[in-house]
1. Work out the length of the dipole vector of the range 40-125 about its Cα centre, built from +1 on the beta-carbon of each Lys and Arg and -1 on the beta-carbon of each Asp and Glu, and round it to the nearest 20 debye.
2. What is the distance, in nm, between label points placed 7 Å from the Cα along the Cα-to-Cβ direction at ALA118 and at ARG41?
3. If you take all C-alpha pairs in the range 1-82, what percent of them are over 14 Å apart?
4. Residue separation times 0.36 nm, minus the C-alpha to C-alpha distance between ARG126 and TRP11: what's the value?
5. Extension gain ILE67-LEU148, at 0.36 nm per residue separation less the Cα-Cα distance, in nm?
Amino acid sequence: MSPSIARAPAWTHEVTRGLRRGLALWVDYGLPRRQYYLPERRDGTLMCHFRHRAHDDPFLEPGLQDITAWVDFTLLAEACTAAGFTLAGFCTQAHLLAALGADREMSRLAAADEHRFARLANEARRLMMPGEMGERFKAMAWLRDLDLPLSGFSLQICGTPCSVALRAQWRARTAATASTEPAHELGDRRTGTAGELFLSGLAAAAASRAASR
């Protein structure tokens, strides 16, 4: 069963029409079109959730369960372009959180409490590791009448989600900013995998905590 996405452009326009100048940030689980419609997903991406149980039968608990499907980020990109936005970033959730300094925030929140740091590290693992939410969830940013660098998208492009015209737009933007982007203090990790980013972040945070004791 393939989810209906015909209303996505109209929905995008309606959600963003009040934004005259600013940023639209989309975070959800999904894929670019070239991956979304691979043969192994011929049955679609529809999933149902009821009492912490996931399944694919939308008729099992009608009216009681949540029904969801993965986002076609290419369709979303085309809709945002039609609505007058400029693509500003597209990456995995892992790369977004790493670029925003999740490791530093963990150290700040835990302070000297090693047990709290361990709990935060376990929570971060779920958000950032590939087998968890790190690569299933993507983040996409769009700007309207605004031009500014977004630090959350400084580590890696998560493929190009859209048409030839949008790929050219993205290449032009990244070429203009690549020479001015500083390397992250954990090292220049733009080409690292989500797991490498998470583990290198933990290692650096642990080393910093050990040095401060």
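Read the figures in this text as sums done on the coordinates, not as results from a lab. All of these numbers come straight from a predicted model, not from anything done at the bench. For neighbour counting, all protein chains shown are included, and Cβ atoms are generated from backbone atoms with ideal geometry for every residue, glycine included.
1. Details: 9 positive and 13 negative charges, 61 e Å.
Dipole about the Cα centre, nearest 20: 300 debye.
2. 3.8
3. Values: 2281 of 3321 pairs.
Summing the P(r) of the range 1-82 above 14 Å gives 69 percent of all pairs.
4. Numbers: separation 115, 0.36 × 115 = 41.40 nm, distance 3.03 nm.
That pair, ARG126 and TRP11, stretches by 38.4 nm at full extension.
5. On the way: separation 81, 0.36 × 81 = 29.16 nm, distance 3.64 nm.
Full extension from ILE67 to LEU148 adds 25.5 nm.
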